[in-house]
Amino acid sequence: MSDSQITKKLTDSLANMHEEMSVEQMRLYQAYVTKSLEMREAEEALRAAIGDEDAEDENIADSLRDIRTVLADQGYRLSGNECVLLACLSKELEGEDYTDTKRINIFLQSYERKPSNTTKIADGLEKKNLIEMNSDGLHSHKTYRLTKKGQRSAWSLLDRFTSSGGKLSVMGK
């Protein structure tokens, strides 16, 4: 049945009901239709929100896969700074607000990419305003996270390696 046929049938049915219903019944029916419409709109909004969340999770998973692919491919020449930026981005995508050098070292070591001195690299990245440190004092354990500038730099780096032009950074085999 087409939409126009359904609409005509519904209109005829409502017109006939209208003549047979009392004013109170019509008000109750109107309230029922209003609530039904609100419920349908809420269901559609919920489905859309769930779909958006699923798409966001899929995008994060794709980005994490890209980071792991770049780190795992020893053909890419990555500096210590680049490794730490990608590690920080990875930890951020996994939901960590701040990470520390031990976590960065373990993560990068799993790809045989551990820089010689991650703490020194992190200090240098802080001076370049690419990461910010969170510390309780001079000799306390320091944690790090990317700044907005650091995020842009890490995403740009990842894009460079995963785009078609990224293979320019690969060592000759």
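Scoring Ser63 on the criteria (1) surrounded by fewer than 17 Cβ atoms within 10 Å (Cβ to Cβ); (2) touching a residue at least 40 places away in the same chain (Cβ under 8 Å); (3) more than 30 Å from His141 (Cα to Cα) leaves a single failure, condition (3). In segment 111-153, of all residues being at pLDDT 90 or above, aliphatic (A, V, I, L, M) and not in a helix (DSSP H, G or I), the one that is surrounded by the most Cβ atoms within 10 Å (Cβ to Cβ) corresponds to Ile131. Of the residues making up segment 64-85, one or more are closer than 24 Å to Thr147 by Cβ, modelled with pLDDT of 85 or more and polar (S, T, N, Q). Identify, from the list Tyr76, Tyr29, Tyr98, Tyr111, the residue that is of a type in the set (Ser, Thr, Tyr) and touching a Lys or Arg at 6+ places or on another chain (Cβ under 6 Å). Matching residue, one of Tyr76, Tyr29, Tyr98, Tyr111: Tyr98.
Would you please name the residue that is nearest to the chain's Cα centre (by Cα), looking only at residues in segment 89-103 that are at pLDDT below 90 and buried (at least 20 other Cβ atoms within 10 Å of the Cβ)? Only one residue fits best here, namely Thr99.
The numbered conditions (1) buried (at least 17 other Cβ atoms within 10 Å of the Cβ); (2) at pLDDT below 80 are all true for Ser163 except (1). All conditions in (1) in contact with a helix residue (DSSP H, G or I) (Cβ under 7 Å, 6 or more places away or on another chain); (2) in contact (Cβ under 8 Å) with a residue 12 or more places away in the chain; (3) farther than 19 Å from Trp155 by Cα; (4) not acidic (Asp, Glu) hold for Asn134, with the sole exception of (1).
The values are calculated or read from the model by the stated rules, or taken from the named source; none is laboratory data. Small disclaimer: the values here were computed from a predicted structure and weren't measured. Positions of Cβ are backbone-derived with ideal geometry, glycine not excepted, and every protein chain shown enters the neighbour counts.
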